[in-house]
Amino acid sequence: MKTIIDNIDEKNIDENILIKYANLIKNGETVILPTETVYGLGANALDENAVAKIYEAKGRPSDNPLIVHIDSIEKVNELAQNINYKAKKVMNKFWPGPITIILDKKEIVPNKTSGGLKTVALRMPNNNIFLKLISLSETPIAAPSANISGKPSPTKSKHVVEQMNNRVSGIICGNDCDFGIESTIVDFTEETPVILRPGSITKEELESEIGEVLIDKSLLKKEDNINAKAPGMKYKHYSPNAEVFIVDGNNIFENVNNLIRENKSKNLVTGVICIDENKDKYDCEVINLGSDLDEVGKNLFASLIDMDNKNIDIIYSEYFGNNGVGMAVMNRLLKSAGYKVIKFD
Ligand code: TXA
Ligand code: MG
């Protein structure tokens, strides 16, 4: 498939270019677009044939439902029902932004989009290119992350083009994503809302708006693969070609450098991803993720893809803690590591 590709500057949007992509969406084709979290692979959410093309382009199992993106809070009423006041409060506070809300779906949302569920995931993204594309397309846009299923989600246009050229009809190249980790997903169909996927909007922030919020039990243990309520959480995820390990415990630098030497003797090339402070401590290829958790989140997926591009065999990642955004960061990292943690005594 031939892919058309354009650069669009979010601060100075050329509407004539964007109209081309809106026409692709109207014609039931797929378009990759920037969001504030990760790049998305979009199509008309209300057109089953268009949605089928998303699954095909990603190689994604079709029982895994898609997030439907809208350009205003009012549109929620067209797609969902039984919208309780806590959901409304969260939309008003955090939209447009990196939070996805699960509600009972209306008939208009095809089963293909909701993966056969009676609920629908809705999000109003905080990216002017995407918001404008939705309004020019005159339809909500379903968009999962724009990675091939199982791979790290792209957060830079360069990585999108490397992974997805010729798999979709169009790619809109925008800026690097602000957050770099997918949206927080919250289920509002229960009395007490439940976080199904952690993201940059934290449990604490949600609770200060709406009181108690639960965390899906499957997120707290390794077996999340089995009982996860967000179907996508059960699949192999975020995995680069390299094997990833999380390292933690005492004398990290000395212990990791020993492992690096051992790997070298087996002709295996090692890379380390770490915080800024530690970037000079390791005797191998290092990617500095930054100096705080927000930066670590923003750079995480891109660092995994960059390590693959450097033909690294083994990646060691420092442990970043579970506070605030750390929960989302560690959720993604543990998955990409297949839950392999090396703890030094
Ligand atoms: O930040 C994001 O959320 C990005 C950007 C593109 O918006 N999108 C994204 O989509 O991460 P995706 O498809 O990669 O992840 C969506 C997750 C999946 O784990 C899916 O199972 C879950 O949302 N999901 C979708 N609809 C659901 C529903 N009705 N009930 C429970 N989980 C749902
Ligand atoms: Mg994804």
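The values are calculated or read from the model by the stated rules, or taken from the named source; none is laboratory data. Note that this is a predicted model, so its numbers are computed, not measured. Methodologically, a virtual Cβ is constructed for each residue, glycine included, from the backbone with ideal geometry; neighbour enumeration extends over all protein chains shown.
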Per-region count, region 201-222, residues at pLDDT 95 or above, part of a loop (DSSP other than H, G, I, E, B) and surrounded by 13 or more Cβ atoms within 10 Å (Cβ to Cβ): 3
Hey, Ala52 within 16 Å of ligand 2 (Cβ to nearest atom) and part of a helix (DSSP H, G or I) or not: no
Flag if Thr189 is within 17 Å of the chain's Cα centre (by Cα) and at pLDDT 95 or above: no
Scope region 255-286; condition part of a loop (DSSP other than H, G, I, E, B) and β-branched (Val, Ile, Thr); matching residues: Val269, Ile275
Residue list for region 306-326, filter: surrounded by fewer than 22 Cβ atoms within 10 Å (Cβ to Cβ) and not polar (S, T, N, Q): Asp306, Asp308, Lys310, Asp313, Ile314, Glu318, Tyr319, Gly321, Gly324, Gly326
Matching option when the condition is touching a Lys or Arg at 6+ places or on another chain (Cβ under 8 Å) and more than 28 Å from Asn147 (Cβ to Cβ), among Phe253, Phe301, Phe344: Phe253
Any chance Asp280 is over 30 Å from Lys217 (Cβ atoms) and without any contact (Cβ under 8 Å) to a residue 12 or more places away in the chain: yes
Answer residue from region 141-163, given it is of a type in the set (A, V, I, L, M) and surrounded by fewer than 22 Cβ atoms within 10 Å (Cβ to Cβ) and is nearest to Ala57 (Cα to Cα) among those: Ile148
Some residue of region 82-101 being small (Gly, Ala, Ser), more than 22 Å from Leu117 (Cβ to Cβ) and under 16 Å from the mean Cα position of the chain (by Cα): yes
Residue within region 77-89 that is farther than 25 Å from Phe188 by Cβ, without any contact (Cβ under 8 Å) to a residue 40 or more places away in the chain, loosely packed, with under 15 Cβ neighbours inside 10 Å and not polar (S, T, N, Q) present: no
Contacts under 8 angstrom Cβ, first residue in region 99-128 being basic (Lys, Arg), partner within 16 Å of ligand 2 (Cβ to nearest atom) and in a strand (DSSP E or B), 6 or more apart: Arg123/Ile67; Arg123/Val68; Arg123/His69; Arg123/Ile99; Arg123/Thr100
Residue match in region 8-31 (condition: under 21 Å from the mean Cα position of the chain (by Cα) and within 16 Å of ligand 2 (Cβ to nearest atom)): yes
Neighbours by Cβ (under 6 Å, 6+ apart or cross-chain): first from region 24-47, in contact (Cβ under 8 Å) with a residue 24 or more places away in the chain and over 18 Å from Asn128 (Cα atoms); second away from ligand 1 (no atom under 15 Å from the Cβ) and of a type in the set (Asp, Glu): Gly28/Asp47
Residue count for region 177-204, restricted to those that are over 23 Å from Gly290 (Cα atoms) and out of contact with any strand residue (DSSP E or B) (no Cβ under 7 Å at 6 or more places or on another chain): 3
Cβ pairs under 8 Å, 6+ apart, first in region 311-326 and polar (S, T, N, Q), second part of a loop (DSSP other than H, G, I, E, B) and modelled with pLDDT of 95 or more: Asn311/Val269
Total residues in region 169-194, condition within 11 Å of ligand 1 (Cβ to nearest atom) and part of a strand (DSSP E or B): 5
